Amino acid sequence: MRFLRRQGVLCRTCGLAVARGMQADTLVQGWWGPLSMLITPFVLLLNAGELSRIRKLPPPATAAWRPPLDPGRPVLRRPAGLVALVPLLALAGLVLAVPVLIVIGMAVDSGGNGHVTLKPGSCARNEADWPQQDLRPADCGSPGAQFRVYWPDGPACEPGDYDAYPEYSEDGGLSLCLHPVKKAKN
């Protein structure tokens, strides 16, 4: 990594030629170091600011002892600009990937805890051994239904009923009660 600076008294045409050349070099050569990958975008922005300042200079008023430099094509119309699209697009993809992955993660884990939501009046089954809870909704008429879900009338569930972890309620804060469903005998 190295920093170059060109100073001098330049007309607008010569200033554009020098600045475009340096910007094109930065676009191609500025990415090839661990710190350079982080610093190059800022250098490119600083150079763009200088290019803007140079464009505001007045055109050369008189002929000089030598002709002005050819400013050439704008930076992004040069081969260096096309080569620079690869790291620039990769950097943009990385910057955009982080929020997109966060949104996808929140959508997949909408409950924030991996648990399903149980509603009072529905039925559930426990896929784990008590006291562990891995509750899943179940059709109340199916043989897999083990519990009827209800809101407690007071501070605790009725005797013989189970407390569901708060994560299974809609608000994630209040515990629901699980009343064992009686199985019909054959």
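Things worth noting here:
- Flag if Leu101 is open to solvent by 70 Å² or more (accessible area, probe 1.4 Å), in contact with a helix residue (DSSP H, G or I) (Cβ under 9 Å, 6 or more places away or on another chain), closer than 30 Å to Pro34 by Cα and not acidic (Asp, Glu): no
- Just one of the numbered conditions (1) at negative phi; (2) open to solvent by 50 Å² or more (accessible area, probe 1.4 Å) is not true of Gly160: (1).
- All of (1) of a type outside the set (D, E, K, R); (2) outside any loop (DSSP other than H, G, I, E, B); (3) open to solvent by less than 50 Å² (accessible area, probe 1.4 Å) hold for Pro71 with one exception: (2).
- Among residues of region 56-74 being at pLDDT 80 or above and charged (D, E, K, R), the one that is nearest to Leu27 (Cα to Cα) is Arg73.
The values are calculated or read from the model by the stated rules, or taken from the named source; none is laboratory data. In this text, all values refer to a predicted model and were calculated from it rather than measured experimentally. Every residue, glycine as well, gets a Cβ built from its backbone with ideal geometry; the counts of neighbours run over all protein chains shown. These accessible areas exclude ligands, DNA and RNA; they are computed on the full protein's heavy atoms, side chains included. Shrake-Rupley method; radii C 1.70, N 1.55, O 1.52, S 1.80 Å.
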